[in-house]
Amino acid sequence: MANFFRQLTIFLCVMLMAGIARADESIVVSSTTSTEQSGLFGHILPIFEAKTGIKVKVVALGTGQALDTARRGDADVVFVHDRPAEDKFVAEGWGVERRDVMYNDFVIVGPKTDASKVKGTPDVVEGFRRIAAGSAPFISRGDKSGTNAAELRFWKEANIDPKAWAGYKEAGAGMGPTLNMAAAMSGYTLADRGTWLSFKNRQDLEIVLAGDKRLFNPYGVMLVNPAKYPHVKKEAGMKFIDWITSREGQESIAAYKINGEQLFFPSAKN
Amino acid sequence: MLNTLLEALSLVSHLDNQVVAIVWLSFKVALATVTLATLIGLPLGALVAVASFPGRGAVTVFLNAMMGLPSVVVGVIVYLFLSRSGPFGDMGLLYSPTAMVMAQTVLVVPLIAALTRQIVEDAWRVYATEFRSMHFTLRHSVVALLYDCRYSLVVAVLAGTGRSLSEVGAVMIVGGNIEGYTRVMTTAIALETAKGDLPLSLALGMVLLTVVLLLNTGAYHLRLWAMRKYG
């Protein structure tokens with residue numbers, strides 16, 4: 001029995017060391033499902049990794065969750081899209097060095113038949129009113145993500161309490177699963193253009209409203225405050241932030257296209 | 001439906017390196033998990049079967065109930081332990097394959113222990129009088145019974161392996177589904193489904209199913225061979 005425990009201890013130690021040794025030349029970036037599922041990271045990270053030798057480990061969550069993960073100290077860098085939540089994060093002292101990176105826009109996606117007649121208006125708030133007045137369901141992310149936060153702002157502007165409406169379904173899921181649900185239920189949803197463009201299971205869905213200025217969707221990057229969490233990899237994290245806002249980083253973001261269509265537009269001030 | 005299936009089949013036929021790496025990581029995590037869980041679960045299950053102590057019934061019920069432990073719950077608990085703001089945060093293990101093995105071990109130990117308890121307890125009924133007359137200590141009885149039941153216990157270990165390979169909730173939370181680092185078959189399937197790439201997720205599902213089938217076929221034949229050779 002003693003022998004058995006000795007072997008077990010050795011085995012565990014080896015496993016632990018393997019984990020620690022690997023963690024050294026890498027940073028954890030807590031980011032959003034939209035950047036991961038749109039394929040952007042798959043395009044830009046190899047360029048950064050080849051240049052600096054720093055491995056970037058992306059954990060893709062909703063913006064709210066990504067910020068919470070950073071608040072617990074489980075990430076080095078945060079890369080999200082919900083400006084009010086980002087400003088709060090920085091004001092509370094969790095994050096430093098916040099910078100604009102890029103933007104894309106939200107679109108309202110719905111069935112081709114457009115039962116709720118959203119196509120007739122360019123006004124996003126009016127679009128939400130029409131959806132709530134119709135019979136087709138609206139699938140909400142319901143996961144405190146940046147897209148979810150934007151959607152809730154539009155309902156508020158329209159003076160509608162969506163939860164009081166029977167057609168309002170909260171998926172509690174990422175953008176992709178929510179689009180899967182909208183496709184299956186012939187419903188409407190708010191999506192970021194990046195995920196929409198890379199989404200493959202569209203069935204009868206198409207964009208029914210886009211282009212309203214309020215649909216602007218900016219992304220920001222920031223370092224988790226090393227003063228709060230001394231283990232944060234400050235240097236490597238800053239290298240990533242500097243690179244992604246540098247000319248090279250910005251150009252690689254602009255170069256990412258699906259079917260010739262650009263997904264994200266650089267916006268860093270440098 | 002048929003088109004998705006056909007596309008999936010053609011994807012399986014030319015597996016790329018990335019998919020192979022994902023399958024390989026799944027395999028490594030499952031192997032480490034099952035090794036650990038077997039080392040803990042077999043003796044634990046056998047001990048509960050053989051030893052008589054107050055509350056044994058409660059422990060048995062508890063072990064059986066824990067077979068149905070939701071993997072997401074284990075994921076969240078292990079996450080909170082390993083998080084930088086948790087008790088073991090200093091080790092920096094979150095979002096690593098080690099964390100995945102830890103979470104899955106918590107899931108698989110009760111499964112192996114509960115099945116072992118059932119198998120060993122049945123054997124114990126047959127041997128109890130004999131062992132007592134030979135003045136076997138508890139430790140001797142446990143070792144002898146585990147050895148005697150070794151072919152049946154393969155089922156317990158296989159069940160654990162299956163759970164480890166097919167589980168997604170816990171590894172998603174503590175591993176983070178990081179590409180090239182903690183992405184395994186199940187989390188890759190979840191991601192591809194999220195992207196709406198159903199043929200690719202189905203293709204990965206086929207690979208997963210094939211791996212599990214091969215493993216079980218191997219174990220089945222090993223058992224047949226061993227039984228013929230050693231009775």
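Quick notes
- Any chance B:A103 is assigned to a helix (DSSP H, G or I), of a type in the set (G, A, S) and surrounded by fewer than 24 Cβ atoms within 10 Å (Cβ to Cβ): no
- Residue match in the range A:95-116 (condition: open to solvent by 20 Å² or more (accessible area, probe 1.4 Å), of a type in the set (V, I, T) and either within 19 Å of A:T178 (Cα to Cα) or assigned to a loop (DSSP other than H, G, I, E, B) (or both)): yes
- Test: residue in the range B:36-57 that is open to solvent by less than 20 Å² (accessible area, probe 1.4 Å), among the β-branched types (V, I, T), part of a helix (DSSP H, G or I) and touching a residue at least 40 places away in the same chain (Cβ under 8 Å): yes
- When residues in the range A:40-70 are screened for being more than 8 Å from chain B (Cβ to nearest Cβ) and closer than 21 Å to B:S85 by Cβ, 10 of them pass.
- Hits in the range A:117-142 - residues which are more than 17 Å from A:L205 (Cβ to Cβ), among the β-branched types (V, I, T) and in a loop (DSSP other than H, G, I, E, B): A:T121
- Tally, over the range A:166-219, of residues that are open to solvent by 10 Å² or more (accessible area, probe 1.4 Å), in contact (Cβ under 8 Å) with a residue 24 or more places away in the chain and among the charged types (D, E, K, R): 7
- Check on A:I160, β-branched (V, I, T), away from chain B (no Cβ under 14 Å) and open to solvent by 50 Å² or more (accessible area, probe 1.4 Å): no
- Test: B:V143 is more than 10 Å from every other protein chain (Cβ to nearest Cβ) and either part of a helix (DSSP H, G or I) or crowded, with 21+ Cβ neighbours inside 10 Å (or both): no
Rundown of residues vs (1) over 26 Å from B:F62 (Cα atoms); (2) in a helix (DSSP H, G or I); (3) open to solvent by less than 20 Å² (accessible area, probe 1.4 Å), yes/no style:
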site: B:P110; (1), (2), (3): no, yes, yes
site: B:W124; (1), (2), (3): no, yes, no
site: B:Y127; (1), (2), (3): no, yes, no
site: B:R163; (1), (2), (3): no, yes, no
site: B:I173; (1), (2), (3): no, yes, no
site: B:N177; (1), (2), (3): yes, no, yes
site: B:G180; (1), (2), (3): yes, no, no
site: B:T186; (1), (2), (3): yes, yes, yes
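- All of B:L69, B:L80, B:L93 fail the test of being within 14 Å of chain A (Cβ to nearest Cβ) and open to solvent by 20 Å² or more (accessible area, probe 1.4 Å), apart from B:L80.
The values are calculated or read from the model by the stated rules, or taken from the named source; none is laboratory data. Being a predicted model, the structure only gives us computed values, none of them experimental. Please note: Cβ atoms are built from the backbone with ideal geometry, for glycine as well, and neighbour counts cover all protein chains shown. To get the accessible areas, we keep the full protein, side chains included, count just its heavy atoms, and leave off ligands, DNA and RNA. Shrake-Rupley method; radii C 1.70, N 1.55, O 1.52, S 1.80 Å.
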